[in-house]
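The values are calculated or read from the model by the stated rules, or taken from the named source; none is laboratory data. Just so you know, these numbers come straight off a predicted model, no measurement behind them. Methodologically, a virtual Cβ is constructed for each residue, glycine included, from the backbone with ideal geometry; neighbour enumeration extends over all protein chains shown. These accessible areas exclude ligands, DNA and RNA; they are computed on the full protein's heavy atoms, side chains included. Shrake-Rupley method; radii C 1.70, N 1.55, O 1.52, S 1.80 Å.
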Amino acid sequence: MTRRTHYSTRTFTTGLVLSAAFWALAIYAPASAGAADTCVDAATSAPLPLDVGPCADVLAQETRWLAAIAAGDVGTVEAILSPTFKHVNSDGQLLNRAEEIANMAPLPFTMNPSDQIVDIAGNTAVVHGINTLLQGGQVMATERFTDVFELQNGQWMALSAQETAT
């Protein structure tokens, strides 16, 4: 092995080890929920507070919805989904409200949102984020998601949801 080949092999191996370490952290140590959450007024791009007002309400509804899905809590999910709700899941299937509810059952994993970006436009909120699915402390999957809510009679109702596997 020449000196150049040895150096290249060592550099490649070091890069490979560092890359593996990075991905191990990324996969097995997901960002904590809310770590990078932001909220803005869509019309002005002005930041909005996360702890009060519409942003807090939308994020609380998002958390409530994910917990209800994981628990198989049909009543709570029915209360969150608008009558015209549509869902494109990470497999690309389009589900309506009735299909979404009919497919519900308790799940063996939790859903942990992070890096949520909330845009508020009047009575409409769009949430983009990452959902980390955990089972027994192990990451099963991560999905990028977009959820759309509308404020109806004082409650943020889900109009649409879409996930993309990452």
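Of note:
- Selection over the range 88-99 of residues that are closer than 15 Å to Met157 by Cα and buried (at least 16 other Cβ atoms within 10 Å of the Cβ) gives a count of 1.
- When His87 is tested against (1) in a strand (DSSP E or B); (2) in contact with a Pro (Cβ under 7 Å, 6 or more places away or on another chain), only condition (2) is not met.
- Some residue of the range 142-156 being out of contact with any strand residue (DSSP E or B) (no Cβ under 6 Å at 6 or more places or on another chain), more than 19 Å from Pro54 (Cβ to Cβ) and in a strand (DSSP E or B): no
Conditions tested, residue by residue: (1) closer than 26 Å to Pro47 by Cα; (2) among the polar types (S, T, N, Q).
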{"position": "Ala60", "(1), (2)": "yes, no"}
{"position": "Arg97", "(1), (2)": "no, no"}
{"position": "Ile117", "(1), (2)": "yes, no"}
{"position": "Gly129", "(1), (2)": "yes, no"}
{"position": "Gln152", "(1), (2)": "yes, yes"}
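- The selection criterion, being buried (at least 18 other Cβ atoms within 10 Å of the Cβ), in a helix (DSSP H, G or I) and touching a helix residue (DSSP H, G or I) at 6+ places or on another chain (Cβ under 8 Å), does not hold for Gln116.
- Verdict on Leu159 being modelled with pLDDT of 95 or more and touching a helix residue (DSSP H, G or I) at 6+ places or on another chain (Cβ under 9 Å): no
- Subset tally (residues that are surrounded by fewer than 16 Cβ atoms within 10 Å (Cβ to Cβ) and within 16 Å of the chain's Cα centre (by Cα)) for the range 34-55: 4
- Near pairs, Cβ below 9 angstrom, 6+ apart or cross-chain, from the range 56-82 (in contact (Cβ under 8 Å) with a residue 24 or more places away in the chain and within 19 Å of Phe145 (Cα to Cα)) to any residue that is assigned to a helix (DSSP H, G or I) and open to solvent by 50 Å² or more (accessible area, probe 1.4 Å): Ile80/Arg64; Leu81/Arg97; Ser82/Arg97
- Inter-residue pairs, beta-carbon under 9 Å, first under 17 Å from Glu62 (Cα atoms) and in the range 99-117, second among the basic types (Lys, Arg) and assigned to a strand (DSSP E or B), 6+ apart: Glu100/Lys86
- Ile130 falls short on exactly one of the conditions (1) part of a strand (DSSP E or B); (2) without any contact (Cβ under 8 Å) to a residue 60 or more places away in the chain, and that condition is (2).
- Applying the criterion of being closer than 12 Å to Gln155 by Cα and of a type in the set (A, V, I, L, M, F, W, C) to the residues of the range 60-87, the residue that is surrounded by the fewest Cβ atoms within 10 Å (Cβ to Cβ) is Ala60.
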